[in-house]
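The block underneath contains the structure these notes are about, expressed in structure tokens.
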Amino acid sequence: MGLRTISDHIMDIVQNSFNAGATKVTLKIEQNKNWFCFQVQDNGKGMDQEQLSRIFDPFYTTRDPRIRRVGLGLPFLKQAAEMTGGSIEVKSTKGVGTIVKACFNTNHVDCQEIGDLSDSLSTLLISSNDVELTVYRSKDTRSYSISNAELREVLKDLSSPFAIKFVYQVVEELEKSVIEEVPK
Ligand SMILES: Nc1ncnc2c1ncn2[C@@H]1O[C@H](COP(=O)(O)OP(=O)(O)OP(=O)(O)O)[C@@H](O)[C@H]1O
Ligand SMILES: [Mg+2]
């Protein structure tokens, strides 16, 4: 039931920012031995107190009902993070933007799989046409960052088959560089 992996949650939360009309989105992913945390900050339309008080209600959505949307993204994320002893925090200001931060204890038996993070990040980077998306990723002492602005500078158009393949390969290499064990 629900979003199956942490990468699915990341996709959903970043897509919420796109849907909120953000022109700038920053995704930070920090991981260590016990914790996997991600934060999405946007300059979208934001929410007032009334809306904020309802975002964890299942099926609360302000999206057009003609679009396939159910309003379960945030409730599922809250449930999945809290089940591991982790947490979710949402700060928002109407007309200014929103910050969503969630942490999962990856050692907890009920923690979902991280999933295919490089695939999710690549998909977000190539599908964020009118949005400036920057990703900061760290695991223990290693890190990388990548943005669609940088990719566009090199590739011009991110929708060509060549560019899409290139982005998936680059992100996969970057992910490997932070994930792989350092030989002793
Ligand atoms: N970054 C954001 N900026 C402004 N409003 C937001 C943001 N994220 C969520 N919301 C509000 O919270 C509601 C619920 O979000 P949630 O992700 O739970 O559902 P949804 O995006 O509407 O549908 P889905 O189930 O497909 O994710 C949204 O419809 C929107 O009104
Ligand atoms: Mg959503």
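The values are calculated or read from the model by the stated rules, or taken from the named source; none is laboratory data. These numbers come from a predicted model, not from an experiment. All Cβ positions, even for glycine, are placed from backbone atoms using ideal geometry, and neighbour counts span all protein chains on display.
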Report task. Scan segment 115-123 and give yes if some residue there is in contact with a Phe, Trp or Tyr (Cβ under 9 Å, 6 or more places away or on another chain) and touching a residue at least 60 places away in the same chain (Cβ under 8 Å), otherwise no. Result -> yes
Report task. Looking only at segment 85-96, decide whether some residue is touching a Gly at 6+ places or on another chain (Cβ under 7 Å) and either within 12 Å of ligand 2 (Cβ to nearest atom) or in contact (Cβ under 8 Å) with a residue 60 or more places away in the chain (or both). Result -> no
Requested in this report: For residues that are assigned to a loop (DSSP other than H, G, I, E, B) and more than 16 Å from ligand 2 (Cβ to nearest atom), scanning just segment 36-50, find the one that is farthest from the chain's Cα centre (by Cα).
Outcome: ASP48
Query raised in the report: Of all residues in segment 151-163, which are closer than 13 Å to ASN129 by Cβ, in a helix (DSSP H, G or I) and in contact (Cβ under 8 Å) with a residue 12 or more places away in the chain?
Result: LEU151, ALA163
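Yes/no per residue for (1) among the polar types (S, T, N, Q); (2) touching a Cys at 6+ places or on another chain (Cβ under 7 Å); (3) near ligand 1 (Cβ under 8 Å from one of its atoms):
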residue: GLN31; (1), (2), (3): yes, no, no
residue: GLN49; (1), (2), (3): yes, no, no
residue: ARG66; (1), (2), (3): no, no, no
residue: ALA81; (1), (2), (3): no, yes, no
residue: GLY85; (1), (2), (3): no, no, no
residue: THR93; (1), (2), (3): yes, no, no
Report summary line: Selection from segment 1-35 of residues of a type in the set (Phe, Trp, Tyr) and in a helix (DSSP H, G or I) yields PHE18
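If I go through segment 106-133 residue by residue, how many of them are surrounded by fewer than 18 Cβ atoms within 10 Å (Cβ to Cβ) and in a strand (DSSP E or B)?
Here the count works out to 2.
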Requested in this report: Tell me, yes or no, whether segment 137-150 has at least one residue that is of a type outside the set (A, V, I, L, M, F, W, C), exposed (fewer than 15 other Cβ atoms within 10 Å of the Cβ) and in a helix (DSSP H, G or I).
Outcome: yes
Query raised in the report: If we scan segment 164-183, do we find a residue that is of a type outside the set (Val, Ile, Thr) and in contact with a strand residue (DSSP E or B) (Cβ under 7 Å, 6 or more places away or on another chain)?
Result: yes
Query raised in the report: Quick one: what pairs do we get from segment 10-37, first residue at positive phi, second modelled with pLDDT of 95 or more and within 16 Å of ligand 2 (Cβ to nearest atom), C-beta under 7 Å, 6+ apart or different chains?
Result: GLY21/GLY44; GLY21/LYS45
Requested in this report: Of all residues in segment 21-40, count the ones that are surrounded by 19 or more Cβ atoms within 10 Å (Cβ to Cβ) and either farther than 18 Å from GLU113 by Cα or in contact with a Ser or Thr (Cβ under 9 Å, 6 or more places away or on another chain) (or both).
Outcome: 8
Query raised in the report: Are any residues in segment 131-166 under 30 Å from ASN34 (Cβ atoms) and of a type in the set (D, E, K, R), and if so, which ones?
Result: ARG137, LYS139, ASP140, ARG142
Query raised in the report: Among the listed residues GLY44, GLY73, which satisfies the condition of being small (Gly, Ala, Ser) and in contact with a strand residue (DSSP E or B) (Cβ under 7 Å, 6 or more places away or on another chain)?
Result: GLY44
